[in-house]
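Structure first, then comments.
The values are calculated or read from the model by the stated rules, or taken from the named source; none is laboratory data. Since the structure is predicted, the reported quantities are computational estimates derived from the model, not experimental observations. A quick note on method: Cβ atoms are made from the backbone with ideal geometry, for glycine too, and the neighbour counts reach across all protein chains shown.
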Amino acid sequence: MKQTQATNAHAAAVLRHTIENVLLYVVLCLVAVVTVFPFVWVLFTSFKGPTDAIYSVPPQLIPHDPTLANYGRVWSQLPVGRFYLNSIIVTLSIVVLNMLFTSLAAYPLAKMKFRGRDAIFYLLLATFIVPPVLTSIPSFVLAVNVFQYYDKLPAVIFPYLATVLSIFLLRQAFKGVPNDLIDAARIDGASELRIWWDILMPIIRPSLATVAIITFVEQWNNFFWPSLMLHTMENKTLQVGLVALQSAFASDSRGVAAGVVMTVVPIIIFFVALQRQFVRGLTGAVKG
Amino acid sequence: MTRKFSLTPYLFLAPALLVIVVFVLYPIVAVVYYSFTDYNISTPPVWVGLRNYQQLFKDPIFWQALSHSFIYLLVTPTLIFLSILLAIVVNRKLPGINAFRALFFIPVISGSIAVGIAWRLMFDTNGIINGTLISLGLLEERIQWLAEPAYTLPIAMLLTTWLGLGYYMMIFLAGLQNIPEELYDAAMIDGCNTWQKHWHVSIPGLRPQITFVAVISSLAALQVFNEIFTLTGGLGGILNSGVTMVFYLWRQAFRLNHAGMASAIAMVLLAITLAFSIVNIRIFERGTEAES
């Protein structure tokens, strides 16, 4: 009798558990559909031929007459190859140089004692809350009058060579390295530059990866400042070029969809390949 | 401390500081000055005192933009609520859960411009949204979603929520994984059901993350631009229905060449941002005091 009661209770628990899991999967699938739908729809639309309807009741999702013509049209009317090349040049130079500049700056802020260290640190901290759009007006003036790189790629590279977030993340990483290690190297007569490059940089590699990923995603998707600077078609980055495409193909949804796919696919492939690092990098900045 | 003066730390700092001085610190000073001038970028600024501010406060579009930016802040509580719920779901050890987590993260990395343009196509009068709603019988005839002033802001806010959900979910997920299992066991022994368990254990345990997300997402909401730009095709919506503070600033500075006026808007935006950060930091400090 007792045993049957126990088995009944057990069976009920298993049943409850199963129902709960089914419900959870229903929720997960619903959110997944909402998340994926715009991408899937844009992908299908980009392959639609002239006889496939963009608007119909009921809506048609899958093309009956699939074609690559939309991609061809976009590719022949806009210098898409240049957009890619420019985006790659801009993003890679910023990722590399930003890592270099900010890791140089973060080392003394974490591990050296010198006059004005705290003042510099708090000044940097304060700039965190300054809306980037605020600095865009004087930066525009500088670009036109002083640096004269308006409408050239350096205009969208220079302002991002050092960012406060990168300095903070790397300062945090340097702080985690034991002082003994640095002191020992100093006693051995190693220069600070050698200590930084040969000893510390390999140790903080995970944090450098975080900085690289944050910078990469931010710059690949950067739009506001590049849209102010880059106007000649050949000089545009992907995001700016995509907006140009949107207005050039205003009455051609299939072409716009092809442009969206071409912009989004590289970063999604990159994300799928380095999923773990992406998620850890982009959310790892938040250890509070 | 009697250490001999060394140039080394300053040399290490020099490249980064140079960039930040030129592109962040100098612009802050310059924009304060510009806000008191009549300036169109091509000819030198002319001092006009408070005129920009007087004109600004008389401009009905400024007040419209300001109220739109405050309305936009509704995305913050929405995001906090939805992303905590989602984090609780994906915190379960279910088969395939990692694939779902990764999937939910895709909007975060795919960029607001491309996604915004895709949404503009979807919400087009001849778009899939109308087609679906009509065939489901939820609509009689097509709605001009993006030409209807009442819908511009809500659609943009929906887009912002959709773009950010995966990111904030991951932050809350990391927070949930730091909550000791014993606390949940204790709650179960005390007779809590699933909802009570999360209410009494998960929510208090996530307080640092909630503060962080509140700060980050409200600053982002105050500075929204890309969503408005793409959904309204760079025009700000019918009757300025999608014009937020940053969009208004952008139009004044870079479409109308009113750099002086735009600088005054930037100052107002800075003041609001500062006020918000102070409020947020106060709340945060109270939170950490209570913990210690």
Worksheet item: Could you say which residue among B:74, B:86, B:56, B:50 is more than 9 Å from chain A (Cβ to nearest Cβ) and under 30 Å from residue B:206 (Cα atoms)?
Response: B:74
Practice prompt. Tell me which residues, restricted to the stretch A:162-206, are in a helix (DSSP H, G or I), surrounded by 13 or more Cβ atoms within 10 Å (Cβ to Cβ) and β-branched (Val, Ile, Thr).
Written response: A:164, A:167, A:182, A:195, A:199, A:203
Item to complete: Mind listing whichever residues of the stretch A:217-242 are more than 25 Å from residue A:165 (Cα to Cα) and surrounded by fewer than 22 Cβ atoms within 10 Å (Cβ to Cβ)?
Response: A:231, A:232, A:233, A:234, A:235
Discussion item. Taking the condition of being more than 9 Å from chain A (Cβ to nearest Cβ) and more than 22 Å from the chain's Cα centre (by Cα), how many residues in the stretch B:239-259 meet it?
Written reply: 5
Item to complete: Quick one: which helices (runs of 4 or more DSSP H) lie wholly within the stretch B:182-271 and hold at least 2 residues that are modelled with pLDDT of 90 or more?
Response: B:207-222, B:226-231, B:245-250
Item to complete: Would you check which residues across the stretch A:147-167 are at the interface with another protein chain (Cβ under 9 Å from one of its Cβ atoms) and among the aliphatic types (A, V, I, L, M) and list them?
Response: A:161, A:162, A:164, A:167
Discussion item. Conditions first: (1) within 17 Å of residue A:41 (Cα to Cα); (2) facing chain A (nearest Cβ under 8 Å); (3) surrounded by 17 or more Cβ atoms within 10 Å (Cβ to Cβ); (4) at pLDDT below 95. Residue B:109 passes all but one, so which condition is the exception?
Written reply: (1)
Practice prompt. Report yes if some residue within the stretch A:10-23 is in a helix (DSSP H, G or I) and touching a helix residue (DSSP H, G or I) at 6+ places or on another chain (Cβ under 6 Å); otherwise report no.
Written response: no
Fill in: Which numbered condition residue A:254 misses (of (1) within 11 Å of chain B (Cβ to nearest Cβ); (2) surrounded by fewer than 17 Cβ atoms within 10 Å (Cβ to Cβ); (3) among the charged types (D, E, K, R))
(2)
Fill in: Matching entry among A:174, A:168, A:140 (being within 15 Å of residue B:28 (Cα to Cα) and in contact (Cβ under 8 Å) with a residue 12 or more places away in the chain)
A:140
Practice prompt. Return the only residue of B:205, B:236 being in contact with a Gly (Cβ under 8 Å, 6 or more places away or on another chain), surrounded by 21 or more Cβ atoms within 10 Å (Cβ to Cβ) and more than 10 Å from every other protein chain (Cβ to nearest Cβ).
Written response: B:236
Discussion item. If residue A:123 meets every condition in (1) over 30 Å from residue A:242 (Cα atoms); (2) facing another protein chain (nearest Cβ under 10 Å); (3) touching a residue at least 24 places away in the same chain (Cβ under 8 Å) apart from one, which number is that one?
Written reply: (3)
Discussion item. Anything in the stretch A:50-76 that is away from every other protein chain (no Cβ under 13 Å) and surrounded by fewer than 14 Cβ atoms within 10 Å (Cβ to Cβ)? List them, or say none.
Written reply: A:50, A:51, A:64, A:65, A:66, A:68, A:72, A:76
Practice prompt. Within the stretch B:99-106, identify whether any single residue is crowded, with 19+ Cβ neighbours inside 10 Å and free of Cβ contacts under 8 Å to residues at least 40 places away in the same chain, and answer yes or no.
Written response: yes
Discussion item. Suppose we keep only residues that are in contact with a His (Cβ under 9 Å, 6 or more places away or on another chain) and free of Cβ contacts under 8 Å to residues at least 60 places away in the same chain within the stretch A:38-75. Which one would you say is nearest to residue A:259 (Cα to Cα)?
Written reply: A:49
Item to complete: Would you please name the residue that is surrounded by the most Cβ atoms within 10 Å (Cβ to Cβ), looking only at residues in the stretch A:28-49 that are in contact with a Leu (Cβ under 9 Å, 6 or more places away or on another chain) and of a type in the set (Phe, Trp, Tyr)?
Response: A:47
Worksheet item: Just one of A:144, A:133 is touching a Leu at 6+ places or on another chain (Cβ under 9 Å) and at pLDDT below 95; which is it?
Response: A:133
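Mind listing whichever residues of the stretch B:16-66 are of a type in the set (S, T, N, Q) and surrounded by 13 or more Cβ atoms within 10 Å (Cβ to Cβ)?
Residues satisfying the conditions are B:35, B:37, B:40, B:52, B:55, B:64.
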Discussion item. Residues that are facing chain A (nearest Cβ under 10 Å), farther than 19 Å from residue A:108 by Cβ and in a helix (DSSP H, G or I): does the stretch B:5-19 have at least one?
Written reply: no
Worksheet item: Quick one: which of A:265, A:260 is facing chain B (nearest Cβ under 10 Å), surrounded by fewer than 20 Cβ atoms within 10 Å (Cβ to Cβ) and under 17 Å from the mean Cα position of the chain (by Cα)?
Response: A:265
Discussion item. So in the stretch B:128-181, with the set limited to residues that are touching a residue at least 12 places away in the same chain (Cβ under 8 Å) and not in a helix (DSSP H, G or I), which one is surrounded by the fewest Cβ atoms within 10 Å (Cβ to Cβ)?
Written reply: B:178
Discussion item. Farther than 28 Å from residue B:245 by Cβ and facing chain B (nearest Cβ under 7 Å): is that true of residue A:99 in this structure?
Written reply: no
Worksheet item: Looking at (1) within 25 Å of residue A:24 (Cα to Cα); (2) assigned to a helix (DSSP H, G or I), which is the only condition residue B:114 fails?
Response: (1)
Practice prompt. Report whether or not residue A:218 is more than 28 Å from residue B:120 (Cβ to Cβ) and either in contact (Cβ under 8 Å) with a residue 24 or more places away in the chain or not polar (S, T, N, Q) (or both).
Written response: no
